[in-house]
Amino acid sequence: MRTMMVVCAMLLMGCAKDEPTAEYKAVARPLFSVAADTVKEYQARDSLHRLAQRRDLDTLSRNVLPALTQYCATKNAAGYVQAACKVFARVLPRLGVREDSLGANVVVIESDTTTPTPPPAPEPPPPASSCTLVSDWNPRTQPALAKPAYMASTIDPVFGTTITRISGDVGSTIPTVGGTWPATVKQNYPKDPVWTADGRLMVLKQGFTSSAALFLDGDSYAPLFFRSGPSGGGEWRLHPTLPDVAVVIRADGTVSHWNVRTNTTTTKVAAVSGYSSNTFGPYEGNLSRDGRYLVAQATRSDGHLVARVIDVDGGAQLNVIDLTAAGITGLDWVTISASGNYVVAFDNSQYTRVWTRAGTLKWYWTDMKFGHYDIELDAAGNDLAFGAEASGTYAKRFVTRNLATGAITPISPATSYNWHASARNITRPGWGYAATNDLVGPVAGELYAIRTDGTVERFAHHRAINQAYNDAPMPVPSPDGRRIVFSSNWGTAGGAIQTYVMDTRQLCPNGLPQ
């Protein structure tokens, strides 16, 4: 006997009575996260297809479809929901699921109940070769490639990754939030995180008036809301572990948690008298990987430039390092290290000083000149400076330098003097991300990542013609390192600078190697 199971799908509310399991919520979310970008449709199709191959239609109907319904119901923008429905409608026919005459939002799954369905066999582990990225240092020619339209994707013809444009044409209306797209819209800087800790939001800080930042859906890249910054102003960074939260330091030294969704602020550390002009670095400082520590660059009442070591979670200033007394007359930036154990200051002569968190000077490196480098953790939890040397023994080569031992490890051949580095891939330790801004060297005009053992992953040509500072692509990886946001004038010198996302997930559906 054949039975017909009528199941809730998409927008029919009230049908799903059972709470979907976490496993199948994980199946549901990718479908809707890629609704506006059908190139990534495989994420939903493959997950559902595995269930269909097992003939596990009961699970499909009881768990997956209700989960899809729940997730769809959370979306407020009608256009986005409709796009999701269209993707879903394309996927289901491949699984033998058809629409019933009861309505467009109800699907019927046929199941033969005369033969018991055996329990599903466990899925085999993903093959080691499931990630196919270019991993050599041989030069690659950059072929012509048409710029994708807003919210459209293209495949990099050399590296096979997907590139999606996430900012619109100059002067066109910004969906949902209103206003128009400016001639320059981009992420802030390679060391300034773009995605929130859970990846659900991303932020573009540059190009809008009144210091406004545009927040997008971290999966679909749809605009969600503008924020003009926290109450009372201040420089801010997205928290590395708390979703929706940014850490703010005001000029008077007050440190707060700012929920960017609710636009509410909670004071964590009160201002300390005698210190003014407090900043995050400025501009290039960061939090420790757990979000507990930061270093504020400030001017003390005696006129000295100082680094204030702050325990955000403990609500206290721990120590003050006198940078002026240390001989720094031109500071570029100062920051806490990724572990929170060291304070790192970089001066305008491109020399680096390292102190312990307690304020003991550990290193003053004059034997090499670093440039636009970042601080990362390796797989063993060691603090490393990651970037390329400007001059000296390892000129143009990427290196790591251990903050505890001072050891230098070269990890690349000579590339270029013109590059930026980022280590915002906080859940993928041991890898540093970078872009060669110009067309020099074996990775000319490319986005790539280098592991601490010298392994390279090459992702895409960014197609930015770098004639002015803002032309540089300024790559920022997602927390898991599978995507990179970058900016580009797409081969037009002096042209509009727009924002793109490079995505490896089609080539590496099981994740990137650690």
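Look at F346, F398, F225 and count the other Cβ atoms within 10 Å of each Cβ; fewest to most, that gives F225, F346, F398. With viscosity 1.567 mPa s and temperature 4 °C, the Kirkwood radius over alpha carbon pairs of segment 229-337 converts through Stokes-Einstein to a diffusion coefficient of 94 µm²/s.
May I ask for the net charge around Q514, where only other residues with Cβ less than 13 Å from the Cβ of Q514 are counted and Lys, Arg are +1 while Asp, Glu are -1? Its environment carries a net charge of -1. Ordering V245, V269, V320 by Cα displacement along the dipole of segment 229-337 toward the positive end leaves V245 in first place; charges were set at the Cβ atoms of Lys, Arg (+1) and Asp, Glu (-1). Counting only Cβ charges, +1 for Lys and Arg and -1 for Asp and Glu, the dipole size of segment 273-402 around its Cα centre is about 160 debye.
As a proxy for reagent exposure, ranking H257, H304 by other Cβ atoms within 10 Å from fewest up yields H304, H257.
Would you mind classifying segment 162-253 by shape? Square roots of the alpha carbon gyration tensor eigenvalues, ordered a ≥ b ≥ c; an a/c under 1.5 is rounded, otherwise it is prolate if a/b is larger than b/c and oblate if not. It is oblate, given that a/c is not under 1.5 and a/b is not larger than b/c. Seen from A444, the other residues with C-beta closer than 9 Å to its C-beta sum to a net charge of -1, counting Lys and Arg as +1 and Asp and Glu as -1.
The fewest-to-most ranking of M368, M502 by surrounding Cβ atoms within 10 Å reads M368, M502. Panel values: segment 288-352, Kirkwood radius from alpha carbon pairs, Stokes-Einstein at 4 °C and 1.567 mPa s, translational diffusion coefficient 107 µm²/s. With a/c under 1.5 counting as rounded, go ahead and sort segment 386-514 into rounded, prolate or oblate using the C-alpha gyration tensor (a ≥ b ≥ c being the square roots of the eigenvalues; past the cut-off, prolate if a/b is larger than b/c, else oblate). Judged from the Cα gyration tensor, segment 386-514 comes out oblate (a/c at least 1.5, b/c at or above a/b). Computed log10 I(q)/I(0) for segment 288-432 at 0.09, 0.10 Å⁻¹: -0.27, -0.33, from the Debye equation with unit scatterers placed on every C-alpha and solvent omitted.
Between D322 and V170, the distance separating the two model label sites (each 7 Å from Cα on the Cα→Cβ line) works out to 5.1 nm.
Every number in this text was worked out from the coordinates using simple rules, so none of it is lab data. Quick caveat: nothing in here was measured; it's all calculated off a predicted structure. As a convention, Cβ positions derive from the backbone with ideal geometry for all residues, glycine included, and neighbour counts pool all protein chains shown.
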